[in-house]
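What follows is a single structure, written as structure tokens, with notes after it.
Here, each number is a calculation from the coordinates, and none is a lab measurement. Note that the coordinates shown come from a computational prediction; the quantities given were computed from them, not determined experimentally. As a convention, Cβ positions derive from the backbone with ideal geometry for all residues, glycine included, and neighbour counts pool all protein chains shown.
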Amino acid sequence: MLRLDRSREGKRPIVDLSQIDLREDITYDERLIQIMDLKVKVLRNKEIPSVLVKWQHHGDEELTWELESYMRKHFPYLF
């Protein structure tokens, strides 16, 4: 088990490395689990659709907003 002590104040997440496929350069692929929400940001002349994404190996407090076009291109099975 690896403890990431300084990642967040007061919380100590524990990462089980046996569940993560690490490469030789100590990187791994993030896997998308679920799209939680959809939002369109409106600028003056432009609309930017984005999706709220839940990733594998991350908790519910670490959801991220990603561009919908990127997610459709790389994860079409979720749409």
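Please go through region 28-69 and give me each residue that is surrounded by 10 or more Cβ atoms within 10 Å (Cβ to Cβ) and part of a loop (DSSP other than H, G, I, E, B), ordered by number. Steps first, answer last, please.
Initial filter on region 28-69 (surrounded by 10 or more Cβ atoms within 10 Å (Cβ to Cβ)): 28, 30-39, 41, 48-59, 62-69.
Correct list: 28, 30, 31, 56, 57, 58, 59, 63.
Being in contact (Cβ under 8 Å) with a residue 40 or more places away in the chain and touching a Leu at 6+ places or on another chain (Cβ under 8 Å) is the filter here, so list the residues in region 35-79 that pass it.
35, 75, 78
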